[in-house]
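S.K.: Please see the structure below; I have some questions.
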Amino acid sequence: MSTTKKSHLVCLLLILLLNASCTSAQTTRPEAEKKLARDIYKEFVEIQSGFSTGATTPVAEAAAARLRTAGFSESDIFVGGANPKKANLVVRFHGTGALKPILLLAHTDVVEAKREDWSMDPFQLIERDGFFYGRGTGDDKAQAAIWIANLIQYKKEGFKSDRDIIVALTADEEGGGPYNGVAWLLKNHRDLINSEFALNEGGWGESVGGKRISNDLQVSEKYVANFRLEVRNKGGHSSMPVADNAIYRLAAALQRLSNFGFPLKTNEVTAAYFQEMAKIETGPMKGDLAKASKGSQEGMQRLAVATPAWNATLRTTCVATLLEGGHAMNALPQLAAATVNCRVLPEDSVDYVQTTLQKVVADDQVSVKILGEPSPGPASALRPDVLAAVSHATEALWPGVPVVPIMVMGATDGKALRVAGIPTYGIQGIFFDRDDIRFHGRDERLGVQSFYEGHAFLYEVVKMLSKTVPVARIRH
Ligand SMILES: [Zn+2]
């Protein structure tokens, strides 16, 4: 069935089932709602919640204050976490209870940003040339602000939900570790976030040259495995160098790693992704996308070269991210070590990655040790109600833009929820230029129009998912 026919069918069913309208959808919400969303966004971005130097507690408290002002009762607002600086916020908007709750998740910590690395102050929301600039504008404070703004709006308009809508703004997604808000909530307050399924970051809209080409729905993700490559040596005086040098050995091993690529392959989700992309791509890559979706090595190879994002979709990647070594300017190094950060396809095991790294390094003086305990996460089954709501809202806002199920390269808190039995979908409806993703980098930004469209999109999606829908009847 064609995408257009399919969305018309979804539309018809939704009209019948929900009294939804397929023609009146707005691209953005009314001005007063946009202003509230922007104010909350600005407040969140300007709180320094850097993973290692900042605190998420002021973000949780700012959100709580907004919710109290909007009339949410104290008993429905929870602020707490693993550490006084790392608080999470959980708020509940009550529904009739006909359906189990939905959880709307966003993290409030950000990757560190140094003023000297940026063209502007990273902790000020600056609107310039059609973009919002600031650390966290994309990852993940837009979604955090939108969840809160929309929840306040649902309350204001007296929305009758058939399920509780829970928003959780959580700490320490970026670095994981002992204060991760989702892990802490699952362990200590599972009742607060227990839900039928969750919506989270991880799926956004892709545009190329200003044209929206797909609205991505994330159903699985790569997992992270970090390794330490280490060389030890007896060292000596630097005035009498010898051939066996820890730094040179490590450098040679890293050089071999830089020339290596894991095998290219697709899985169920990425094959579907490339198939959809082949339908909408008009450029020279169209043929290769179709070939790659059918497992052609040639096609995959050309895609991998074309963009880092496709490369990362097609294979496990490992890259050196930290270096240490030597102890004095005039001594031969006794230690040289590197951290290698791997983003592993869900079907590849940790053992396989470690064994492969050992083969690539090809030097028994270079040890390859796993750091921490990496754990792969399951994919979420594609729920018909989620797909229908996302497809409907996408068609209403951006006619003709397909919804594409994806596996993401980064890792999110969605994995912890999936492992805990709460299927989690990455969906934002916020569009980014596919070749200019600045999350974690300098001058992070998000298009102003994209922000307001994501705001309107998520408003609709959550409402649709919060009404009693005979799921079995929405088939496509
Ligand atoms: Zn994020």
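The values are calculated or read from the model by the stated rules, or taken from the named source; none is laboratory data. Everything numeric in this text was worked out from a predicted model, so none of it was measured. As a convention, Cβ positions derive from the backbone with ideal geometry for all residues, glycine included, and neighbour counts pool all protein chains shown. Ligands, DNA and RNA are excluded from the accessible area calculation, which covers all protein heavy atoms including side chains. Shrake-Rupley method; radii C 1.70, N 1.55, O 1.52, S 1.80 Å.
S.K.: Taking the stretch 280-331 as the search range and keeping residues that are acidic (Asp, Glu) and open to solvent by less than 40 Å² (accessible area, probe 1.4 Å), which one is farthest from Val360 (Cα to Cα)?
M.R.: Glu281
S.K.: Against the definition (assigned to a loop (DSSP other than H, G, I, E, B) and either in contact (Cβ under 8 Å) with a residue 40 or more places away in the chain or within 16 Å of the ligand (Cβ to nearest atom) (or both)), how does Asp139 come out, yes or no?
M.R.: yes
S.K.: Exactly one of (1) within 30 Å of Phe457 (Cβ to Cβ); (2) surrounded by 15 or more Cβ atoms within 10 Å (Cβ to Cβ) is unmet by Leu382. Its number?
M.R.: (2)
S.K.: Let me ask something additional. Look at the stretch 395-416 and say how many of its residues are out of contact with any helix residue (DSSP H, G or I) (no Cβ under 6 Å at 6 or more places or on another chain) and either within 15 Å of the ligand (Cβ to nearest atom) or over 19 Å from Leu458 (Cα atoms) (or both).
M.R.: Final tally of qualifying residues: 6.
S.K.: Does Gly295 fit the bill of being on the phi > 0 side of the Ramachandran plot and free of Cβ contacts under 8 Å to residues at least 40 places away in the same chain?
M.R.: Yes: the conditions hold for Gly295.
S.K.: Could you list, in sequence order, the residues of the stretch 221-235 that are open to solvent by less than 20 Å² (accessible area, probe 1.4 Å) and within 16 Å of the ligand (Cβ to nearest atom)?
M.R.: Glu221, Lys222, Tyr223
S.K.: Return yes when Ala251 is at pLDDT 95 or above and either aliphatic (A, V, I, L, M) or outside any loop (DSSP other than H, G, I, E, B) (or both) and no when it is not.
M.R.: yes
S.K.: Looking at (1) over 18 Å from the mean Cα position of the chain (by Cα); (2) within 16 Å of the ligand (Cβ to nearest atom), find the lone condition where Tyr452 falls short.
M.R.: Of everything listed in (1) over 18 Å from the mean Cα position of the chain (by Cα); (2) within 16 Å of the ligand (Cβ to nearest atom), Tyr452 misses just condition (2).
S.K.: Arg135 passes all but one of (1) surrounded by fewer than 24 Cβ atoms within 10 Å (Cβ to Cβ); (2) under 17 Å from Thr53 (Cβ atoms); (3) not small (Gly, Ala, Ser); which number fails?
M.R.: Against the list (1) surrounded by fewer than 24 Cβ atoms within 10 Å (Cβ to Cβ); (2) under 17 Å from Thr53 (Cβ atoms); (3) not small (Gly, Ala, Ser), Arg135 comes up short only on (1).
S.K.: For the stretch 351-366, state whether one or more residues are modelled with pLDDT of 95 or more and under 18 Å from Met407 (Cβ atoms).
M.R.: Within the stretch 351-366 (the criterion being modelled with pLDDT of 95 or more and under 18 Å from Met407 (Cβ atoms)), the answer is yes, since at least one residue qualifies.
S.K.: Return the residue satisfying two criteria in turn: it lies in the stretch 419-468 and is among the β-branched types (Val, Ile, Thr) and either outside any loop (DSSP other than H, G, I, E, B) or open to solvent by 30 Å² or more (accessible area, probe 1.4 Å) (or both), and of such residues it is farthest from Leu99 (Cα to Cα).
M.R.: Here the answer is Ile437.
S.K.: Kindly indicate whether Asn215 is on the phi < 0 side of the Ramachandran plot, in contact with a helix residue (DSSP H, G or I) (Cβ under 8 Å, 6 or more places away or on another chain) and within 16 Å of the ligand (Cβ to nearest atom).
M.R.: When the stated conditions are applied, Asn215 does not pass them.
S.K.: Still on this model: Can you report the number of residues in the stretch 87-115 which are within 16 Å of the ligand (Cβ to nearest atom) and either surrounded by fewer than 20 Cβ atoms within 10 Å (Cβ to Cβ) or farther than 17 Å from Val462 by Cα (or both)?
M.R.: Total satisfying the criteria: 8.
S.K.: While we're on this one: Spot the failing condition for Leu169; the list is (1) without any contact (Cβ under 8 Å) to a residue 12 or more places away in the chain; (2) within 16 Å of the ligand (Cβ to nearest atom), and only one is missed.
M.R.: Every listed condition holds for Leu169 apart from (1).
Every residue, every condition in (1) at pLDDT below 95; (2) more than 23 Å from Val110 (Cβ to Cβ), yes or no:
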| site | (1), (2) |
| --- | --- |
| Pro402 | yes, yes |
| Ala411 | yes, no |
| Asp435 | yes, no |
| Arg445 | no, no |
| Gly454 | no, no |
| Tyr459 | no, yes |
| Met464 | no, yes |
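S.K.: For residues in the stretch 162-209 being assigned to a loop (DSSP other than H, G, I, E, B) and in contact with a Lys or Arg (Cβ under 7 Å, 6 or more places away or on another chain), which is surrounded by the most Cβ atoms within 10 Å (Cβ to Cβ)?
M.R.: My answer is Ala171.
S.K.: Next question, about the same structure. Checking Glu127 against (1) open to solvent by 20 Å² or more (accessible area, probe 1.4 Å); (2) among the acidic types (Asp, Glu); (3) in a loop (DSSP other than H, G, I, E, B), which single condition isn't satisfied?
M.R.: (3)
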